[in-house]
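Q: Take this structure, written in structure tokens, and hold onto it; I'll ask about it next.
Derivation of every value follows stated rules applied to the coordinates shown; laboratory data play no part. Keep in mind it's a predicted model, so treat the numbers as computed, not measured. Please note: Cβ atoms are built from the backbone with ideal geometry, for glycine as well, and neighbour counts cover all protein chains shown.
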Amino acid sequence: MTITDYALELEAKNYLTYADICLTLLGNIDCVIAKESAADLLGYSNGGIRDKITIYTTKLINKPYLNCILVDDYNKLNIIDHRGLHTTTINQAIVDMLEDNKVDSQILLETLANYYFENKKSFKKLNIPNHLLDKFNKYSKESIKYYETS
């Protein structure tokens, strides 16, 4: 069963946006939406069919549609409220995806490409840690050309 199926079953609707799915499945869970799921929610990735929502949480939550990343403290994260949900900022989501060696590179490229075009063809507002600059520079160069080749 997909996360959409879980949410549709709970909501009894025919169509749900990604934000609706997150609200339905995470509404009563203490968590922060993270990485590619944050990029999806904030409109920076092109979405896609994912079988799990990635979240930061202070305790493991055993739900088949969640990918839990345990953290000691949410205060170490850059968090915003978006449509009633706690999510990392897009800057935090990008940094977290860059930190993750198993991240889907297409999602990272889409997110950076959409960020670039939404911010007047600039990455200047992003705050990337020094240890990730080489990786960021590689992906950001590719992302600028992303829509030319996809």
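Q: Before anything else, pin down the relative contact order of the chain: Cα pairs under 8 Å, at least 6 apart, normalised by residue count, whole percent. Display every interim value, and only then the final one.
A: Values: 195 pairs, mean separation 31.1, N = 150.
Worked out over the chain, it gives 21 percent.
Q: Oh, and also: Can you check what the net charge comes to around Lys35, using other residues whose Cβ is under 12 Å from the Cβ of Lys35 (Lys, Arg +1; Asp, Glu -1)? Intermediate results must be reported in sequence, preceding the final value.
A: Working: positive: Arg50, Lys52, Lys102; negative: Glu36, Asp40, Asp96, Glu99, Asp100, Asp104.
The answer is -3.
Q: Which pairs, out of Lys52/Lys125; Lys35/Lys121; Lys59/Lys125; Lys125/Lys145, put more than 27 Å between their alpha-carbon atoms? List each step's numbers first, then the result.
A: Numbers: Lys52/Lys125 29 Å; Lys35/Lys121 22 Å; Lys59/Lys125 32 Å; Lys125/Lys145 20 Å.
Pairs exceeding 27 Å: Lys52/Lys125; Lys59/Lys125.
Q: Sticking with this structure for a sec: Nearest 0.05, what FRET efficiency do Leu70 and Asn28 give at R0 = 30 Å with Cβ-Cβ as r? Don't jump to the answer; show the numbers that get you there.
A: Details: r = 19 Å, r/R0 = 0.63.
The pair Leu70/Asn28 has a calculated efficiency of 0.95.
Q: Most mobile of Tyr56, Tyr115, Tyr74 per a Gaussian network model of the chain (Cα springs, under 10 Å)?
A: Looking only at Tyr56, Tyr115, Tyr74, the largest GNM fluctuation is found for Tyr74.
Q: Using just the helices of the chain, give the 222 nm mean residue ellipticity in deg cm²/dmol: DSSP H runs with n ≥ 4 each add -39,500 (n - 2.57), and the total is spread over all residues, rounded to 500. Write out the running numbers ahead of the final one.
A: Numbers: 7 runs with 65 residues, N = 150.
Computed mean residue ellipticity for the chain: -12500 deg cm²/dmol.
Q: May I pose another question? Which trypsin sites (Lys or Arg not before Pro) from region 66-139 combine a DSSP loop assignment with at most 16 other Cβ atoms within 10 Å? Don't jump to the answer; show the numbers that get you there.
A: Numbers: sites: Lys76, Arg83, Lys102, Lys120, Lys121, Lys124, Lys125, Lys135, Lys138; in loops: Arg83, Lys102, Lys120, Lys121, Lys124, Lys125.
Listed in order of number, the matching sites are Arg83, Lys102, Lys120, Lys121, Lys124, Lys125.
Q: Then there is this: Taking 7 Å along the Cα-to-C-beta vector as the label spot, tell me the Asn119-Thr89 distance in nanometres, rounded to one decimal.
A: 1.0
Q: For region 83-150, what's the radius of gyration and Dmax over Cα atoms, in angstrom?
A: In order Rg, Dmax, the Cα atoms of region 83-150 give 11.9, 36 Å.
Q: Grab the alpha carbons of the chain, take their convex hull, and tell me the volume per residue in Å³. Could the numbers behind the result be given before it?
A: Numbers: hull volume 18.7 nm³, N = 150.
Hull volume over Cα atoms, normalised by residue count, gives 125 Å³.
Q: May I ask you to list the residues of region 69-92 whose amide nitrogen lies under 16 Å from a point 7 Å from Cα along the Cα→beta-carbon direction of Asn46?
A: none
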